[in-house]
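Participant: Mind having a look at this structure? Questions to follow.
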Amino acid sequence: MERNLYELTNPQKSILSIEQAYPETNINCIGGTVRIFEKVDFDLLKQAFNLTVKKNDGLRIRLLKKDDNTYQYFEAFEYEDYPVINITKKEFDEIVKNYIPKPFNIYENKLFNFKLYKFEDGTGA
């Protein structure tokens, strides 16, 4: 597949150099949680996530290593059916309390990960 490759910006190069200085760590991973205290329409939430990714090409950036250089390209949008994880509020609170983003391979993978949690009462996170 032919891809349009672009040089990294200077801020991206700085982030990459930190990533390379601390390999196999979560140094550049940022995590966050949004708790929804009303019943959630998870199909609608999935549509909102997908629309956000579709309309923001920055969320579709992928990195590619080629000839000892790192380039970026923009992946075409594809709808993703994010799984809904049924969980108790207590289990979720434990996950949040102990949450440490896990490092991942930054090359040719998405640079984000959404998780949908559904509680017994239909609320979620």
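Derivation of every value follows stated rules applied to the coordinates shown; laboratory data play no part. Predicted model only: the values in this text are computed from it and were never measured. Here the Cβ positions follow ideal geometry from the backbone for every residue, glycine too, while neighbour counts run over all protein chains shown.
Participant: Find the residue count for region 1-36, including only residues that are surrounded by 10 or more Cβ atoms within 10 Å (Cβ to Cβ) and either in a loop (DSSP other than H, G, I, E, B) or touching a Lys or Arg at 6+ places or on another chain (Cβ under 7 Å) (or both).
Facilitator: Residues in region 1-36 being surrounded by 10 or more Cβ atoms within 10 Å (Cβ to Cβ) and either in a loop (DSSP other than H, G, I, E, B) or touching a Lys or Arg at 6+ places or on another chain (Cβ under 7 Å) (or both): 13 in total.
Participant: Something else now. Do the conditions hold for ASN86, that is, is it within 13 Å of LEU116 (Cα to Cα) and more than 18 Å from the chain's Cα centre (by Cα)?
Facilitator: yes
Participant: Would you confirm whether or not region 58-69 contains a residue that is among the basic types (Lys, Arg) and more than 29 Å from SER17 (Cβ to Cβ)?
Facilitator: Within region 58-69, none of the residues are among the basic types (Lys, Arg) and more than 29 Å from SER17 (Cβ to Cβ).
Participant: Which ones in region 68-83 are over 21 Å from PHE114 (Cβ atoms) and exposed (fewer than 10 other Cβ atoms within 10 Å of the Cβ)?
Facilitator: ASP68
Participant: Looking only at region 110-125, which residues are part of a loop (DSSP other than H, G, I, E, B), touching a residue at least 24 places away in the same chain (Cβ under 8 Å) and closer than 26 Å to ILE61 by Cα?
Facilitator: LYS110, LEU111, PHE112, PHE114, LYS115, ALA125
Participant: Would you pick out the residues in region 85-103 that are part of a loop (DSSP other than H, G, I, E, B) and free of Cβ contacts under 8 Å to residues at least 12 places away in the same chain?
Facilitator: ASN98
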